[in-house]
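The values are calculated or read from the model by the stated rules, or taken from the named source; none is laboratory data. Just so it is clear, the model here is predicted, and its values are computed rather than measured. Note: ideal-geometry Cβ built from the backbone for every residue, glycine included; neighbour counts use all protein chains shown. Surface areas here come from the heavy atoms of the whole protein model, side chains and all, with no ligands, DNA or RNA. Shrake-Rupley method; radii C 1.70, N 1.55, O 1.52, S 1.80 Å.
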There are 2 protein chains.
Amino acid sequence: MEIAELQRQAGEWLSGQGPESDIVMSSRVRLARNLGGRPFLTRATDEVKTEIERTSREALLSAALAEGLLYINVMDATPIERLFLVERHLISKEHANASGQRGVALGKKERISIMVNEEDHLRLQVLCSGYQLREAWVEMATLDDKVESRLDYAFSSQFGYLTACPTNVGTGMRVSVMLHLPALVMTRQIDKVFHAVSKINLAVRGLYGEGTNSSGDFFQISNQVTLGRAEEDLIRQIEDVVPQIIKYERNVRESLFKDNPKGLEDRVWRAYGMLRFARTITSNETMELLSQVRLGVNMKIIEDLDINTVNELFILAQPAHLQMCKGKKLDSPERDVARATFIRNWLE
Amino acid sequence: MEIAELQRQAGEWLSGQGPESDIVMSSRVRLARNLGGRPFLTRATDEVKTEIERTSREALLSAALAEGLLYINVMDATPIERLFLVERHLISKEHANASGQRGVALGKKERISIMVNEEDHLRLQVLCSGYQLREAWVEMATLDDKVESRLDYAFSSQFGYLTACPTNVGTGMRVSVMLHLPALVMTRQIDKVFHAVSKINLAVRGLYGEGTNSSGDFFQISNQVTLGRAEEDLIRQIEDVVPQIIKYERNVRESLFKDNPKGLEDRVWRAYGMLRFARTITSNETMELLSQVRLGVNMKIIEDLDINTVNELFILAQPAHLQMCKGKKLDSPERDVARATFIRNWLE
């Protein structure tokens, strides 16, 4: 099974490289695209879905694009494998739980992923480590051109790219950054950020996008409106606000440390101690503790621990990853024990 | 200063040796004695106190007794040094806080200690590791004979040894065992023990005797009434009840482990993790965590950690010990940081 191969390496976006990566975990650009001459998926029969999936898959795997692309048939995947892909941010929860023919094409190190038959026929994603929205966009433009050279996109000269949901019509683009804001959460100043961001029509979401709670002090900030906006505008809108949030978080980190260095060190090291020694641990507690440890590594309170080791744990300690690793289904208490064991070995 | 010498070695009673030492931390026998022809201390002038102290000291340090005895002038000691002696169970709080000439003579490895001018002119103590009441008593009998050969005790053929407080009259003996009962505390069954023990006129006290709270799940069980009882009776009274408590604690430990091994392991290892990584820690939290770790070592959940390493920490992590170690007075937040550092180094 191809999915198992993914286990051995984590996505490049977890490397902790790239600008501002102490606060910006990742930058993401995604495009919604649909094939011309076919109905949107809400109105497509199983036969049509199957045809769209086959046409898309063949195009994606054709010579020009296939370099290093791995195609995974999501319909045939087990529930654990699907959740595994969700946990890695390669497919959405909706895609995992949908029915009918569907799949995902993955680029090297998971920088690129293309969902087939999610809400739209195609959802292209470029995911980079750190604050690299423009790099992601440039890469996306190339990818989009390549795909378009093989597939006929549904496009209207009046509206732009046509999408299943009107909010995506136009560029079909959503840009987002995943921010790690533990100091703003700790000092209860995070609500101010939400307030400011929502005023300028940006959305704040949790670690797994729409409809998910924040977890591990991660917040995804993305554009909401795409119709009538150029790609450049969408990126600039994010760029207008993210540096301010970065500065805010960084200032609060510094003053937390200045006001009570031992208190902050204690918090960070105790979190590390729990992770190093717990024998059973829930997913939620893991996220909370990892968030403190990530803060500690980025603030140089913890040395001798690579940031990618920590970043990867956020993903690897999740339920489907643990079950893939163990090679069997585990109930919740078993997972908590397996998680504690995995984390211990990982950190040792 | 002689007190500083004590720092380098911990009392033998912390060695974790002796029968039942997984539950019985220590066994103690103490005798209250007064010199004949002098008033009790409540009615003694400073001159008389000074004379009693000198007479006692000279007798204790005379050839037959002096072998290895270290005499500390408690009046001249600093407040931190006095507290240091209290923390080591060598003198009582009352002795530390009293006024006038007073001192304490210490035997090798602190197995023997003799307070001069505490509530009585002399308070002789033998303190052993584990459940060794009879051994302690035999040793005490020898010690008492030696002291009596040099000093004239206040004795009445009707009442026995005369003491400042009527509850000690007769044998002047108090026997006690220090029990570590974390499983009974955890499962809230400890009250049953208290209830049973108090019914048979034994006292349950905290780690530092009369008027102190339990700490670290330690409970000291001792006889209350000495008048009209032979030494043998006093010991037998403790021996009648302690094996039952030991058995009770041991059963609860076993069923805790049987019912939820991972839960218990988790509790123990997290406590260890906190101690290994905290950067600031209060005395109370330390006692609680050490109690879990002590349980873990005794239940072989934690291996590669000597029980005496843990036992000694209960004493060494206390305020005066930390300050003696640092060689200066520390306020409470400074102590919490110094404690965390000390514990970390100790366990590493």
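Things to note:
- Evaluation of B:V197 against (1) open to solvent by less than 10 Å² (accessible area, probe 1.4 Å); (2) at pLDDT 95 or above (one fails), failing number: (2)
- Subset of region B:146-163 (residues that are under 20 Å from B:V104 (Cβ atoms) and surrounded by fewer than 18 Cβ atoms within 10 Å (Cβ to Cβ)): B:K146, B:E148, B:R150, B:Y153
- Residues being out of contact with any helix residue (DSSP H, G or I) (no Cβ under 9 Å at 6 or more places or on another chain) and on the phi > 0 side of the Ramachandran plot - total across region A:124-170: 2
- Among (1) away from chain A (no Cβ under 14 Å); (2) of a type in the set (K, R); (3) within 27 Å of the chain's Cα centre (by Cα); (4) open to solvent by 30 Å² or more (accessible area, probe 1.4 Å) - the single one B:K258 does not satisfy: (3)
- If you go through region B:95-124 and keep only what is crowded, with 24+ Cβ neighbours inside 10 Å and in contact (Cβ under 8 Å) with a residue 60 or more places away in the chain, you end up with B:L106, B:V116, B:N117, B:D120, B:H121, B:L122, B:R123.
- Odd one out for A:V74 among (1) of a type outside the set (K, R); (2) touching a strand residue (DSSP E or B) at 6+ places or on another chain (Cβ under 7 Å); (3) on the phi > 0 side of the Ramachandran plot: (3)
- When A:D76 is tested against (1) without any contact (Cβ under 8 Å) to a residue 12 or more places away in the chain; (2) not in a loop (DSSP other than H, G, I, E, B), only condition (2) is not met.
- Of all residues assigned to region A:75-94, none qualifies as being open to solvent by less than 40 Å² (accessible area, probe 1.4 Å) and under 16 Å from A:E148 (Cα atoms).
- Scanning region A:235-255 for residues that are buried (at least 16 other Cβ atoms within 10 Å of the Cβ) and of a type in the set (D, E) yields one hit, A:E249.
- Residue that is touching a residue at least 24 places away in the same chain (Cβ under 8 Å), surrounded by 16 or more Cβ atoms within 10 Å (Cβ to Cβ) and not assigned by TED's automatic domain parsing to the domain that holds B:T309, where the choices are B:G68, B:G16, B:G37: B:G16
- Cβ-Cβ under 6 Å pairs, at least 6 apart or on other chains, region A:216-238 side on the phi > 0 side of the Ramachandran plot, far side assigned to a loop (DSSP other than H, G, I, E, B) and not aromatic (F, W, Y): A:D217/A:L181
- Within the option set A:L330, A:L322, A:L256, being of a type in the set (A, V, I, L, M, F, W, C) and touching a residue at least 24 places away in the same chain (Cβ under 8 Å) holds for one residue only, A:L256.
- Number of the exception - B:R229 against (1) over 19 Å from B:E20 (Cα atoms); (2) more than 14 Å from chain A (Cβ to nearest Cβ); (3) open to solvent by 40 Å² or more (accessible area, probe 1.4 Å); (4) assigned to a helix (DSSP H, G or I): (4)
Listed here are the residues, each with its yes/no results for (1) in contact with a helix residue (DSSP H, G or I) (Cβ under 6 Å, 6 or more places away or on another chain); (2) in a strand (DSSP E or B); (3) of a type in the set (A, V, I, L, M, F, W, C).
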| position | (1), (2), (3) |
| --- | --- |
| A:W13 | no, no, yes |
| A:D22 | yes, no, no |
| A:E53 | no, no, no |
| A:G68 | yes, no, no |
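- Index of the failed condition, A:L316 passing every other in (1) open to solvent by less than 10 Å² (accessible area, probe 1.4 Å); (2) closer than 17 Å to A:I80 by Cβ: (1)
- Within region B:332-348, the residues that satisfy the criterion of being within 13 Å of another protein chain (Cβ to nearest Cβ) and closer than 21 Å to A:L264 by Cα are B:S332, B:P333, B:E334, B:R335, B:D336, B:V337, B:A338, B:R339, B:A340, B:T341, B:I343, B:R344.
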